[in-house]
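Chemist: Dropping the structure in here first, questions after.
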Amino acid sequence: DGGITQSPKYLFRKEGQNVTLSCEQNLNHDAMYWYRQDPGQGLRLIYYSQIVNDFQKGDIAEGYSVSREKKESFPLTVTSAQKNPTAFYLCASSIAGSIMNTEAFFGQGTRLTVV
Amino acid sequence: DQQVKQNSPSLSVQEGRISILNCDYTNSMFDYFLWYKKYPAEGPTFLISISSIKDKNEDGRFTVFLNKSAKHLSLHIVPSQPGDSAVYFCAASAQTGANNLFFGTGTRLTVIP
């Protein structure tokens with residue numbers, strides 16, 4: 001079955017450690033996105049990538065890094081520079097470079113807790 | 001600052017009745033709006049959308065209304081079914097910023113059998 005998979009679902013890390021969240025899709029989508037959700041707020045865009053080996057900062061990219069070495073994969077690293085990393089992270093993909101595409105798919109999310 | 005707001009965190013409706021979920025936005029550049037539905041432990045899935053050139057879009061039991069002057073949109077579900085119980089997110093974007101969706105905080109709909 002085609003879809004987008006995030007792992008792990010829950011992640012605990014100590015303060016000051018970098019952590020990488022996985023996002024894989026087998027939908028042959030060109031574009032991939034990372035969003036973050038905090039309590040009482042909507043999803044906010046961290047990074048997006050429209051094509052392999054290229055990515056762009058979203059609204060809240062500080063303290064995060066990404067790579068897009070393969071079309072299927074768009075891992076997100078939460079670095080120690082991210083001041084408030086505890087949040088719910090959602091990955092998405094779409095056919096063309098537009099998240100407005102109604103065929104955009106979202107993963108199940110990763111809940112990161114930093115202690 | 002939240003550019004898309006869903007002021008009702010939750011809504012309960014009897015099965016068979018109409019559910020009305022509301023969404024307000026502040027950015028007048030937004031010209032495309034979507035509703036997503038999210039079940040627990042799943043990612044959001046697309047439900048229905050509307051372009052700013054329209055004021056209504058209907059798909060089966062789901063209708064989205066857009067009032068541009070009030071910067072308000074609403075999702076109507078009629079008749080509501082227990083399977084509609086989920087969190088509904090409103091999202092907005094501008095054609096010029098097609099790589100970013102601005103999401104509301106979501107409304108949890110519970111349809112009571």
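Chemist: Efficiency by 1/(1 + (r/R0)^6): what FRET value for A:Thr5 and A:Lys83, r their Cβ-Cβ distance, R0 = 22 Å, to the nearest 0.05? Show your work: numbers first, answer last.
Modeler: Details: r = 28 Å, r/R0 = 1.29.
About 0.20, to the nearest 0.05.
Chemist: What value does chain A have for Rg/Rh, both radii from Cα atoms and Rh as Kirkwood defines it? Intermediate values should be presented prior to the final figure.
Modeler: Values: Rg = 13.1 Å, Rh = 13.9 Å.
Result: Rg/Rh = 0.94.
Chemist: Over the whole of B:90-96, what's the average partner chain Cβ count within 10 Å per residue? Rounded to a whole number, please.
Modeler: Working: counts 1, 5, 2, 3, 1, 2, 0.
Mean partner-chain Cβ count within 10 Å for B:90-96: 2.
Chemist: Right, another one. Which value in Å does the Kirkwood hydrodynamic radius of chain B take, with 1/r averaged over all unlike C-alpha pairs and then inverted? Walk me through the numbers before you get to the answer.
Modeler: Working: mean 1/r = 0.0713 Å⁻¹.
Final number for the Kirkwood radius of chain B is 14.0 Å.
Chemist: In the Gaussian network model of chain A, springs joining C-alpha atoms below 10 Å, which of A:Thr20, A:Thr77, A:Thr102 carries the largest mean-square fluctuation?
Modeler: A:Thr102
Chemist: Another one. So who's got an amide H within less than 5 Å of the one on B:Asn100, skipping anything under 5 residues away but keeping other chains? H placed 1.01 Å off N, in plane.
Modeler: Counting only residues 5 or more places away or on other chains, the set is A:Ile99.
Chemist: A follow-up question, please. Over the protein assembly as shown, how many percent of alpha carbon pairs lie in each 5 Å bin up to the one with the longest distance?
Modeler: The distribution over the protein assembly as shown is 1, 7, 15, 19, 19, 16, 12, 7, 3, 1, 0, given as percents.
Chemist: Okay, moving on. What is chain B's relative contact order, in percent, from Cα pairs under 8 angstrom and six or more apart in sequence?
Modeler: 37 percent
Chemist: Among B:Ala86, B:Ala41, B:Ala70, which one shows the biggest mean-square fluctuation in a GNM of chain B, springs joining Cα atoms closer than 10 Å?
Modeler: Looking only at B:Ala86, B:Ala41, B:Ala70, the biggest GNM fluctuation is shown by B:Ala41.
Chemist: At B:Ser74 and B:Arg108, where each label point lies 7 Å from the Cα along Cα→Cβ, what is the point-to-point distance in nanometres?
Modeler: Calculated label separation equals 2.4 nm.
Chemist: Provide a whole-number value for the mean count of partner chain Cβ atoms within 10 Å of the Cβ atoms in peptide A:104-112. Before the final figure, lay out the partial values.
Modeler: Values: counts 7, 4, 8, 3, 7, 5, 0, 0, 0.
Across A:104-112, the average partner-chain Cβ count within 10 Å equals 4.
Chemist: So, one more: Of all GluC sites (Glu not before Pro) in the stretch A:19-115, which ones are in loop regions per DSSP and have a Cβ with at most 14 other Cβ atoms within 10 Å? It would help to have the intermediate numbers written out before the result.
Modeler: On the way: sites: A:Glu24, A:Glu62, A:Glu69, A:Glu72, A:Glu103; in loops: A:Glu62, A:Glu69, A:Glu72, A:Glu103.
Hits after loop and neighbour filter: A:Glu62, A:Glu69, A:Glu103.
Chemist: Now for a different question. Please report the net charge: other residues with Cβ closer than 14 Å to the Cβ of A:Phe88, K and R +1, D and E -1. All intermediate terms of the calculation are to be shown ahead of the outcome.
Modeler: Values: positive: A:Lys9, A:Arg36, A:Arg44, A:Arg111, B:Lys38; negative: A:Asp38, B:Glu42.
Net of charged neighbours comes to +3.
Chemist: Counting only trypsin sites (Lys or Arg not before Pro) that are in a DSSP loop and have at most 16 other C-beta atoms within 10 Å, tell me the longest site-free stretch of chain B.
Modeler: In chain B, the maximal stretch lacking such sites is B:69-113.
Chemist: Across the stretch A:18-26, in residue order, what do the Karplus-derived ³J(HN,Hα) couplings come to in whole Hz, using 6.51 cos²θ - 1.76 cosθ + 1.60 with θ = phi - 60° and x for Gly and Pro?
Modeler: Once rounded to whole Hz, the list reads 6, 9, 10, 9, 8, 9, 10, 9, 10.
Chemist: With charges only on Cβ, +1 for K and R and -1 for D and E, what is the dipole size of the protein assembly as shown about its Cα centre, in debye, rounded to 20? Don't jump to the answer; show the numbers that get you there.
Modeler: On the way: 21 positive and 20 negative charges, 88 e Å.
It comes to approximately 420 debye.
Quick note: the coordinates plus some simple rules give every number you see, no bench work behind them. What you are looking at is a predicted structure, and each value in this text was computed from that prediction instead of being measured. Positions of Cβ are generated from backbone atoms using ideal geometry, with glycine treated the same way; all protein chains shown enter the neighbour counts.
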